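The structure appears right after this line, and notes come after that.
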Amino acid sequence: MTKQFIVIDRFYGYAAQLRQTFAARFADPLTAHNGRFVWDYWHVPGEYTHLRTPAFAFFPPKMYQAFHRYLVEWGRVNLGCHDISPPWLSCYVEGCRQNAHTDVPHGPLAFVYSLTPRQLSFTGGETFIHQGSKKMLIPSRFNRLLVFNPALRHGVKLVRGTHDPRLGRLVVHGWFVNPRPFWYGPLTAVQISRGIEAGLSPALKGELKLGRGLLSLRLSVDRQGRVRALKTLVNTLDGGSPGEYQILLKLVRTLSFASRRAGTTLTLPLQIN
């Protein structure tokens, strides 16, 4: 019923440029320049220890904006989230970690994008996620995107083995925010809204016991406005009734939209509080 995290390798086609920019900035530790003085050593006893800086301020503007647009577009298509929080660029060297915590207020989904070197010179650094009685470990591999439910207890395992920022765990991270429908096709915003409100009234009014979390669905709508295919993209709902969840899916499958000249692909996020 649930899909609490997503892992995508080889996520971004220009990852090497981002990585090279970072490596060049710290290439010579004996040369002092403004570009090296970027880190906030963020230490909260018992919680967080790592180096961080705003990602948008670190990379050249055009390079960063291209990555930002790519990540935002991916989130719209695959999650139904229309934006991201201002991302951090964080580096983990000897002694850095994140203890187990949750990030519920920040956004419905968290992301971690890795620019860590392909060849690791350290141990640890995996993102861990508690899911029931299981503890999932996701290594920080180069050009890997991890998206997960921040309401689950999670953190970063202690890094050991290097003091060199060029060899440490390097990630861009933040939260996907602002969930609302996103689509490709001729249906208009008004037609999308009318179809959803008419067909999902029990869910929108809170009449179904669905628990709390985010459910993102992908609908294939034909020219007659009927739902021909339904795929669950993300489901972080917790505490709901399985029977009423099935009722919700049945309601989605019977949604009816206006007839148009061609079909529409709709990403439909439902955030239940």
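The values are calculated or read from the model by the stated rules, or taken from the named source; none is laboratory data. Keep in mind it's a predicted model, so treat the numbers as computed, not measured. Here the Cβ is made from the backbone with ideal geometry for all residues, glycine too, and neighbour counts use every protein chain on show.
Can you pull out every residue in region 85-126 that is basic (Lys, Arg) and in contact with a His (Cβ under 9 Å, 6 or more places away or on another chain)?
Arg97 - this is the single residue of region 85-126 that is basic (Lys, Arg) and in contact with a His (Cβ under 9 Å, 6 or more places away or on another chain).
Under the condition of being among the β-branched types (Val, Ile, Thr) and in a strand (DSSP E or B), which residue from region 130-162 is nearest to Glu73 (Cα to Cα)?
Val147
Find all pairs meeting these conditions: Cβ atoms under 9 angstrom apart; at least six residues apart or on different chains; first residue within region 137-157 and in the same structural domain as Gly124 (by TED's automatic domain parsing) and at negative phi; second residue of a type in the set (D, E, K, R) and buried (at least 24 other Cβ atoms within 10 Å of the Cβ).
Pairs found: Ser140/Arg169; Val156/Arg169.
Starting from residues that are surrounded by 15 or more Cβ atoms within 10 Å (Cβ to Cβ) and of a type in the set (Val, Ile, Thr), keep the ones in region 116-147 and report whichever is nearest to Val7 (Cα to Cα).
Among residues in region 116-147 that are surrounded by 15 or more Cβ atoms within 10 Å (Cβ to Cβ) and of a type in the set (Val, Ile, Thr), the one nearest to Val7 (Cα to Cα) is Val147.
Just a yes or no: is a residue in region 250-260 farther than 30 Å from Ala100 by Cα, loosely packed, with under 13 Cβ neighbours inside 10 Å and aromatic (Phe, Trp, Tyr)?
no
May I ask you to list the residues in region 86-121 that are farther than 19 Å from Tyr14 by Cα, of a type in the set (A, V, I, L, M, F, W, C) and in a strand (DSSP E or B)?
Scanning region 86-121 gives Cys91, Ala100, Leu109, Ala110.
I'd like to verify a number: residues in region 3-38 that are touching a strand residue (DSSP E or B) at 6+ places or on another chain (Cβ under 7 Å) and farther than 27 Å from Arg153 by Cβ, how many?
Going through region 3-38 one residue at a time, the tally reaches 2.
Which condition from (1) farther than 30 Å from Gln20 by Cβ; (2) out of contact with any strand residue (DSSP E or B) (no Cβ under 9 Å at 6 or more places or on another chain) is the one that Gly206 breaks?
Answer for Gly206: the failing condition is (2).
Would you call Arg260 more than 28 Å from Gly132 (Cα to Cα), assigned by TED's automatic domain parsing to the domain that holds Leu215 and assigned to a strand (DSSP E or B)?
Taking the combined requirement at face value, the residue does not satisfy it.
Pairs please, first residue from region 47-73 and part of a strand (DSSP E or B), second anywhere and among the basic types (Lys, Arg), Cβ atoms under 7 Å, 6+ apart in sequence or on different chains.
Thr49/Arg97
In region 8-25, what residues are among the hydrophobic types (A, V, I, L, M, F, W, C), crowded, with 16+ Cβ neighbours inside 10 Å and not in a helix (DSSP H, G or I)?
If the condition is that a residue be among the hydrophobic types (A, V, I, L, M, F, W, C), crowded, with 16+ Cβ neighbours inside 10 Å and not in a helix (DSSP H, G or I), then Phe11 is the only one that fits.
Arg52 - would you say it is surrounded by 13 or more Cβ atoms within 10 Å (Cβ to Cβ) and closer than 18 Å to Ala23 by Cα?
Working: surrounded by 13 or more Cβ atoms within 10 Å (Cβ to Cβ): yes; closer than 18 Å to Ala23 by Cα: yes.
It is true that Arg52 is surrounded by 13 or more Cβ atoms within 10 Å (Cβ to Cβ) and closer than 18 Å to Ala23 by Cα.
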